[in-house]
Each structure stands twice: as structure tokens, then as C-alpha cells.
Amino acid sequence: MSQTTVPAREASATAQRILKNVQGVVIGKDMIILKVLLAILARGHVLLEDMPGVGKTTLALAFARTLDLDYRRIQFTPDVLPSDVTGFSVYRKETGKMEFQKGAAFCNLLLADEINRTSPKTQSALLELMEESSVTVDGATHPLPEPYCVLATQNPTGSVGTQMLPESQLDRFMMKLHMGYPDLESEVQIMQARAGENPLDKLEACVTREELFALQETAASVYVDEAILRYIAAISGATREHEMLKLGVSPRGSLALCNAARATALVRGRDYVIPDDIRVIVTETLAHRLLLSPRAKAENLTAEQVLEDIIGKLPVPNLRRYQE
């Protein structure tokens, strides 16, 4: 499939059309919808942590239909096997050969539901596909369809049957988001919208896969000044030295923040990144990659609070030539 870039303002208008389409189904969660779109444009994956029933599956379905993507959902339980995700080889007597049977991962948008309820062995099956967009079975590597995004959900740690995700897996999610419960007015609108029909049933694609590819290519081409790159590196470096943290941000996290900032600038109609693009998505992109020290836990600090403290002490790049 050919890929090309489009002017920033045209790309921004297309992004706004996508947002409006999804907002018609997922009510009262405009910022969550925006940040999921940013991750998709930046070719990243999203982890949603929330209690059941707040609309995580609806959100994934709305994006799949809006973007004309092949969608699959896998419900993670303790007995789900890695082969259920990646696929497996079957011997065919007729041909005398092994034939590969694709698993749930072979789609454009994979909803990995309640990912923290399955075994570490099955969770590890997601590592390669999230990092390299491919799976390896019996020594053979199989590429996944493009575009590719994993939208995973997990119940809050401490819920029945859950376990913490390993750091290596958390690091592969570009963003970690919390949907939360809707406010009163939004909940009323949800009940009204669901009276007798499901809004998803009428939702149609508003962009083609080719247009989504073009948006992703355009986002990847957004200019990032060296001063911005140094700002990102300074944030990551500070997390590795902070006394309240025993694990800081990896280089993968720095790349994720840079790419997410590119997507943010594009949705705002620019072909260059400014410091405010970093601030919009820095918490969702970096906080889940941090591990608190025992002292921080004793003082009831959160990773988000420590990150805000770090950012508040760092000088912000002054890119006068880009001021609007």
C-alpha cells in the first residue's frame, strides 16, 4: 500500500473528523478519545486501566469502525495460551506439510481485554508483536497487517484474579489512560443514546486505511527541533536519577514521547513540535514506566506527582522562531 504525506492543516481536519465520529458514540470522554487517536497516529499501543463497564470495548469498536480497521477482541483469562494470540502450526495430511493458523493478533486493531488476568507466559506473547508488528511461530516470522495497534485493558491492581504487568510489557505501551466514570450529564446522554438501539450499529468509517496511512506518515515527518529533543532527553534522564524513583524512563520511553508529540502537533495543525505538545501527553506517556522507591511509597507519592515535580524544575526550550 502506497504511503504519502499530506499538508498539516489537511491532516488536522481529517483528525478532527475522526474525533467527531468517535465522540458521537463514546460520550463525555473527549480527552481520552484524543489521546487514543494520538497513539494510533504515532503507531503506538494503549493501555486502559479501569473497572468493567465504563466503555473500553465501545471505544475500541468505535475506532475500528471509524478507521475502517479489521478488529478482534481476545478475553484474557488464566487458561488463555500464547498460541491463542499468535497462532500455531497444524500438520495437513493432504499436503504432508505444516500449515500456519493465524491467532487473534492478526488484525489491525487488537483489543486485549483484561490483560492482567492471564499468565505471564501468555502476556509475553504480546511483546514481539507490539514491538516489531510480527509474530514468530516454530522459527518462522509472520508480519502482522498494517496499520497495527493493540488497545489493552486491565482491571485495577488488587482486583480479584489480577496481577501486575512486568516492566518490559508496560514499557511497550505508548500511553496508559484512565477512562473513569462519566459525569451525571454524560451518563444521562449515554442512556438516552442507547434507548432502543446501539449507536455503534450506525457508525460508519469516515476515513480509509490509505488516509490513515497518510496521517501516520505525515505525523512521522513532523519536525522536532534539537532543543525539543534535548528537553525530552532531560526529562528521561532526570527520572533515572530522582531519589523517589528506583526505575526511570527508558530510551523507548523517550522515543514514544517524541512520536506522541509529533502526532499532537499534527492534530493541532502544525508540522513542527513546540514544548506545549510535550506537556499535553507527557504524563500519559511516561508515568507508567516509572517505579517508585520505598520512600516515595511511604510518603504516598504517585508516579504522576514525581513526574510533575521533575518537569516543573526543568527549563522549557524557548523556540521564538516557532511562536504563533
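The values are calculated or read from the model by the stated rules, or taken from the named source; none is laboratory data. Computed from a predicted structure; not experimentally measured. Here the Cβ positions follow ideal geometry from the backbone for every residue, glycine too, while neighbour counts run over all protein chains shown.
Observations on the structure shown:
- Residues in segment 86-130 that are closer than 18 Å to Leu47 by Cβ and among the charged types (D, E, K, R): Asp113, Glu114, Arg117, Glu128.
- Against the list (1) within 21 Å of the chain's Cα centre (by Cα); (2) farther than 14 Å from Val282 by Cα, the condition Ala227 fails is (1).
- Among the residues making up segment 29-61, a single one is surrounded by 23 or more Cβ atoms within 10 Å (Cβ to Cβ), under 15 Å from Leu110 (Cβ atoms), among the small types (Gly, Ala, Ser) and modelled with pLDDT of 90 or more: Ala39.
- Selection from segment 23-33 of residues that are closer than 13 Å to Met179 by Cβ and either of a type in the set (Gly, Ala, Ser) or in a helix (DSSP H, G or I) (or both): Gly28, Asp30, Met31, Ile32, Ile33
- Within segment 141-200, the set of residues being closer than 25 Å to Ser119 by Cα and polar (S, T, N, Q) comprises Thr141, Thr153, Gln154, Asn155, Thr157, Ser159, Thr162, Gln163, Ser168, Gln169.
- Only a single item in (1) touching a residue at least 60 places away in the same chain (Cβ under 8 Å); (2) farther than 24 Å from Val6 by Cβ is not met by Leu266, and it is number (2).
- Residues that are of a type in the set (D, E, K, R), out of contact with any Lys or Arg (no Cβ under 9 Å at 6 or more places or on another chain) and assigned to a helix (DSSP H, G or I) within segment 235-273 comprise Arg240, Glu241, Arg262, listed in sequence order.
- Test for Asp68: is it at pLDDT 90 or above, of a type outside the set (Ser, Thr, Tyr) and more than 30 Å from Val273 (Cα to Cα): no
- Selection within segment 237-253 - surrounded by fewer than 21 Cβ atoms within 10 Å (Cβ to Cβ) and of a type outside the set (D, E, K, R): Gly237, Ala238, His242, Met244, Leu247, Gly248, Ser250, Pro251
- Within the set Ile232, Ile278, Ile228, the sole residue that is in a helix (DSSP H, G or I) and touching a Cys at 6+ places or on another chain (Cβ under 6 Å) turns out to be Ile232.
- Residue that is at pLDDT 95 or above, more than 22 Å from Thr66 (Cβ to Cβ), more than 17 Å from the chain's Cα centre (by Cα) and not charged (D, E, K, R), where the choices are Ala261, Ala238: Ala238
- Considering segment 152-179, the residues that are under 16 Å from Val249 (Cβ atoms) and at pLDDT 90 or above include one that is surrounded by the fewest Cβ atoms within 10 Å (Cβ to Cβ), namely Leu170.
- The number of residues in segment 279-323 that are closer than 24 Å to Val6 by Cβ, touching a residue at least 40 places away in the same chain (Cβ under 8 Å) and either loosely packed, with under 12 Cβ neighbours inside 10 Å or in the same structural domain as Glu243 (by TED's automatic domain parsing) (or both) comes to 1.
- Just one residue in the set Glu226, Glu204, Glu211 is surrounded by 16 or more Cβ atoms within 10 Å (Cβ to Cβ), at pLDDT 90 or above and of a type in the set (Asp, Glu); that residue is Glu211.
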